[in-house]
Amino acid sequence: MYAMPNTILSAPAKWFLDPLDRCGYDGGMTELAPKRAAFVREYLIDFNGTQAAIRAGYAVSGAKQEAARLLTNADVMTVLAARRTELAAPVLAEAQVTVERVLREYARIAFADMRRFATVSAGGVRLLDSKTWTDDDAAAVESVSETVTKEGGSVRFKLHDKVGALNQLAKYLGMVSDGTQVNIDARSVSITPERLRELRELLG
């Protein structure tokens, strides 16, 4: 392992790097000047460009500017991308992370139907038993919590960001550009005694 100037790696960082050294992994590092190679290795620890530059031996006074320059250098970025792919590959494989699985999770959130979780009637709002949820339903739920007070308390039920998931799917399918932004947030339903009374009045 190359010497890292004035750096004490934490246990997780050592675990992250040592296997690469033991197996002789290179990933294109020899194609870079020693300092640039050191920067790539350091950057992969915490993705902090300024600190990575300092640990790689660049002057503290110009570390921020040097990091910005290195992170736009074609050779550095090529090697950085290669190493990130190599490091991520075994983790993604073990967790069975694939494009199809990621898209499926987005779809579960994007097409979640609130009627699967609650009913609204003249009698009020009632959450349905979670035993009725499918796996797709459960994947769309971000949180469920209950607060009990002297006045009666409240239940908060929140789904993951439906519009955000739709945007991600639309971008993948080429339906919108990355610059498209939809400012809608209707993810949560907060049910308080006051809100229940308002709903009953509205529903007659």
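Every number here is computed from the coordinates shown, using simple stated rules; none is lab data. Since we're looking at a predicted model, the values are computed, not measured. Backbone-built Cβ (ideal geometry, glycine too); neighbour counts: all protein chains shown.
Overview of values
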read-out: Karplus (6.51, -1.76, 1.60) ³J(HN,Hα), θ = phi - 60°, over the range 91-107, in Hz, Gly and Pro reported as x; value: 5, 5, 5, 5, 7, 6, 8, 10, 4, 4, 5, 5, 5, 5, 5, 4, 5
read-out: Loop-located chymotrypsin sites (Phe, Trp or Tyr not before Pro) in the range 29-60 whose Cβ has at most 13 other Cβ within 10 Å (DSSP); value: F47
read-out: Sparse-neighbour loop sites [chymotrypsin sites (Phe, Trp or Tyr not before Pro); the range 107-162; at most 15 other C-beta within 10 Å; DSSP]; value: F111, W133
read-out: Sequence of V79, V148, V102, V125 once ranked by neighbouring C-beta atoms within 10 Å, starting from the fewest; value: V148, V102, V125, V79
